[in-house]
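The values are calculated or read from the model by the stated rules, or taken from the named source; none is laboratory data. From a predicted model like this one, the values you see are computed outputs, not experimental measurements. FYI the Cβ positions are ideal-geometry reconstructions off the backbone, even for glycines, and counts take in every protein chain you see.
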């Protein structure tokens, strides 16, 4: 367990510095976007160029220096932990870190959790060599490092461990459970020195009633269907770029330019989306505004992931799920207020249910939403909404997003190594 403690602490230091730098860049990005919006067309063009160059640099770093650092990184970690892929090189760590700062800092709708998970797994791989651990124990430590990365990214140590056990490994055994919990706790302890206890806040909520059950079922159905569409959009965008002959740098620059144009009109709609999710959970938008947010964030999520830069899917999913839940709540309270809880409650349930349906990890989704907000009052309704959403995804025969991405990563890795061997 000593190795897990050290790996968790180191991962916590790296991930929390990543988090704090992204927060700094996010604050400056809002100011720059407002400056461009209020200024001349020359200022607007300058900002578009800056964002385009940042996205292009991130994509170029991945393509030429470490293809393993592309995208979320979680599917690769899953493949390594389950013996379907060998651990990646140490250079993943700096490329993921710098590339993530460039792409997420520029405003692409990507999350920091994917990079944090892969960086934690890479740190664990390096630490396993330092501690001279056997291969099987190394994979256990890689899973522990991944848990530590997620725990730090969202300030959610239990969700970090549960995600690794429920989604990455799909098994609960004593040794792995102890390693992941230990590493998560160690990383969380480091993070507490620098970040707030709760990532998101939620409006005061009343005690759920049995009469509200139908409303949560509606939320589960809506976000379940939306999760199916979101998974299809992500994979469809990736299939399109995989067939494209446009240089990856040029494509990323174009996507960055589109994101900049959106950001100049609405600075808070771009980026990972944590501040936006917090506002949604406080029911801070009119119905018309929340519909626009839902549509734009859905599109930006798929578009940004197609840039093939470092960046995760968790945070963008939370925005989409919370938006969908809030929309259902507002419409429901207009039409049938008797069976619908307050919109903020349905937004929180939608956030957990969307994640559960897309990733097919309902326990992680519920615990993540609870830890991030510090609100435990909605655990039963979240469980019900998540169960319905997962059922919808299963009936629609929608494969979990990370399973689809893992298969694509394995195929890309094989093609990459074949090309290298032919040189």
Query raised in the report: Hey, does the range 222-245 have a residue that's farther than 25 Å from residue 360 by Cβ, assigned to a loop (DSSP other than H, G, I, E, B) and over 21 Å from the mean Cα position of the chain (by Cα)?
Result: yes
Requested in this report: Evaluate the following for residue 116: is it surrounded by 24 or more Cβ atoms within 10 Å (Cβ to Cβ), modelled with pLDDT of 95 or more and farther than 18 Å from residue 10 by Cα?
Outcome: no
Requested in this report: Please state which one of 410, 387 is assigned to a helix (DSSP H, G or I) and either modelled with pLDDT under 90 or buried (at least 24 other Cβ atoms within 10 Å of the Cβ) (or both).
Outcome: 410
Query - Wholly within the range 94-167, helices (runs of 4 or more DSSP H) carrying at least 1 residues that are in contact with a strand residue (DSSP E or B) (Cβ under 6 Å, 6 or more places away or on another chain) and in contact (Cβ under 8 Å) with a residue 60 or more places away in the chain - result: 113-130
Report task. Would you be able to say whether some residue in the range 26-44 is touching a residue at least 60 places away in the same chain (Cβ under 8 Å), surrounded by fewer than 24 Cβ atoms within 10 Å (Cβ to Cβ) and within 18 Å of the chain's Cα centre (by Cα)? Result -> yes
Query raised in the report: Is there a residue being at positive phi, surrounded by 20 or more Cβ atoms within 10 Å (Cβ to Cβ), in contact (Cβ under 8 Å) with a residue 40 or more places away in the chain and out of contact with any strand residue (DSSP E or B) (no Cβ under 8 Å at 6 or more places or on another chain) anywhere in the range 252-271?
Result: yes
Requested in this report: Only residues in the range 234-245 that are at negative phi and free of Cβ contacts under 8 Å to residues at least 60 places away in the same chain count as the first member; pair them with residues that are part of a helix (DSSP H, G or I) and surrounded by 12 or more Cβ atoms within 10 Å (Cβ to Cβ), Cβ under 7 angstrom, at least 6 apart or cross-chain, and list the lot.
Outcome: 244/251
Report task. Sort out which residues of the range 54-64 are farther than 14 Å from residue 258 by Cβ and surrounded by 15 or more Cβ atoms within 10 Å (Cβ to Cβ), and write them in order of number. Result -> 57, 58, 59, 60, 61, 62, 63
**Report entry** Extreme residue, nearest to residue 272 (Cα to Cα), among residues of the range 181-216 that are assigned to a helix (DSSP H, G or I) and over 25 Å from the mean Cα position of the chain (by Cα)
**Finding:** 215
Query - Identity of the residue in the range 168-180, in a helix (DSSP H, G or I) and without any contact (Cβ under 8 Å) to a residue 24 or more places away in the chain, that ends up surrounded by the most Cβ atoms within 10 Å (Cβ to Cβ) - result: 177
**Report entry** Filter pass, residue 378 being more than 21 Å from residue 73 (Cβ to Cβ), at pLDDT below 95 and surrounded by fewer than 24 Cβ atoms within 10 Å (Cβ to Cβ)
**Finding:** no
